[in-house]
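Undergrad: The structure follows.
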Amino acid sequence: MSLYHLRQFRNAALAAIVLTLSSQVLLAQTPVLKKKVPTRQPAKTVQGRITKVEVGVKPASYTGHCPKTFDFHCTITVNHSPVTVEYEWVRSDGAKGPRAQVEIRHGSVTVSDRWELGEGKEHLREWEMVHIFSPKDMNSHKAVITLNCR
């Protein structure tokens, strides 16, 4: 190979090296656009809430021999199940039942309480209601009884 050919080969090799280095410098300076991957949001948990609380008593009124037992009931309805409800019965004489929990799995549930009262010739007007602690603090209306002992 002649000196002329060696110089041309060397110049071509140097040009190739310069071109390679130049393209690498350009690539290093070019910002890389990343495709934005949407983040997956966790599923929203639907919190159930109480939509209705109904209390009642059987019998609501009694006249006769005492003592008499009254059966109170409370139906708690929720809009989404399951919901854990914490509650207690409250009486007009100041007594309170134990705190209890009930899990409502399908729309509503009924809880109950019994109260035996009356002696001699008493005439009483009493009531019971349900105090709900959770999921939201609230009171039911009062289920009122009238008792006339003979």
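The values are calculated or read from the model by the stated rules, or taken from the named source; none is laboratory data. All values derive from a computational prediction rather than experimental measurement. Here the Cβ positions follow ideal geometry from the backbone for every residue, glycine too, while neighbour counts run over all protein chains shown.
Undergrad: Those residues that are in contact with a strand residue (DSSP E or B) (Cβ under 7 Å, 6 or more places away or on another chain), surrounded by fewer than 17 Cβ atoms within 10 Å (Cβ to Cβ) and assigned to a loop (DSSP other than H, G, I, E, B), I need them from the stretch 98-150; list them, please.
TA: Within the stretch 98-150, Pro98, Arg99, Gly107, Glu119, Gly120, Lys121, Glu122, Pro135, Lys136, His141, Lys142, Arg150 meet the criteria.
Undergrad: Using beta carbons and a limit of 8 Å, which pairs, at least six apart or on different chains, have the first residue in the stretch 100-118 and free of Cβ contacts under 8 Å to residues at least 24 places away in the same chain and farther than 23 Å from Lys58 by Cα and the second one surrounded by fewer than 17 Cβ atoms within 10 Å (Cβ to Cβ) and polar (S, T, N, Q)?
TA: Cβ pairs passing all conditions: Gln101/Thr84; Glu103/Thr84.
Undergrad: Now a separate question. Tell me which residues, restricted to the stretch 87-130, are in contact with a Ser or Thr (Cβ under 9 Å, 6 or more places away or on another chain) and among the charged types (D, E, K, R).
TA: Glu103, Arg105, Arg114, Glu116, Arg125, Glu126, Glu128
Undergrad: Being over 25 Å from Ser134 (Cβ atoms), at pLDDT 95 or above and out of contact with any Cys (no Cβ under 7 Å at 6 or more places or on another chain) narrows it down to one of Asp113, Asp71, so name that one.
TA: Asp71
Undergrad: Here is a follow-up. Inside the stretch 72-112, can you point out the residues that are of a type in the set (A, V, I, L, M, F, W, C) and more than 15 Å from the chain's Cα centre (by Cα)?
TA: Once the filter is applied, which keeps residues that are of a type in the set (A, V, I, L, M, F, W, C) and more than 15 Å from the chain's Cα centre (by Cα), the stretch 72-112 yields Phe72, Cys74, Ile76, Trp89, Val90, Ala95, Ala100, Val109, Val111.
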